[in-house]
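Report on the structure given below.
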Amino acid sequence: MTAHAEMAIRAGGTVELAQQLKTNYREADLSEKELAMLEFAELLTVQPANVVKEDIDRLRATGWRDEDIVDIVHQTALFNYMTRVADGLGIEMDERLLEAEARDKPVVDTSTWGKKNKLPSGPPGRVVGG
């Protein structure tokens with residue numbers, strides 16, 4: 001999460017936005033389009049088998065083009081892959097990310113990560129367009 005939030009800063013966001021994203025992105029100052037993208041990325045990360053056509057339709061309805069949706073899927077999959085490889089090999093965070101963690105510690109409670117904003121569970125094995 002820290003790496004993703006720091007990327008937001010490098011893309012022109014503020015430290016406050018990065019902290020909002022790490023705390024609860026649903027309460028961050030985001031457009032409907034950005035929120036739809038993050039909710040889709042979360043679903044694809046946490047419950048990939050539950051992605052359905054309606055999820056893609058929501059992205060389209062908020063302004064994402066099909067090419068953008070392909071990029072969102074690829075970027076989400078790539079970040080998930082890279083995180084799992086790093087975790088599996090015991091790779092430690094870069095010094096800059098450790099500094100960002102220390103900076104955000106007073107305002108970001110990471111003990112709740114994975115416990116709040118639970119996604120609704122659905123039947124396993126649902127397929128987009130299926």
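Bear in mind that the values in this text are calculations on the coordinates, not laboratory data. Only a predicted model underlies this, so the values are computations on that prediction, with no experimental measurement involved. Cβ atoms come from the backbone with ideal geometry, glycine included; neighbour counts cover every protein chain shown.
Based on the mean of other Cβ atoms within 10 Å per residue, sort peptides 51-60, 87-96 so the most packed one is first. Walk me through the numbers before you get to the answer.
Details: 51-60: 14.7, 87-96: 9.3.
Going from most to least packed, we get 51-60, 87-96.
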7 Å from Cα along Cα→Cβ at both residue 81 and residue 105: what's the point-to-point distance in nm?
3.4
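Taking the Cα centre of region 40-112 as origin, work out the dipole magnitude from +1 charges on Lys and Arg Cβ and -1 charges on Asp and Glu Cβ, in debye rounded to 20.
Values: 8 positive and 16 negative charges, 36 e Å.
Roughly 180 debye for region 40-112.
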Net charge over other residues, Cβ less than 9 angstrom from the Cβ of residue 20 (K, R count +1; D, E count -1):
-2
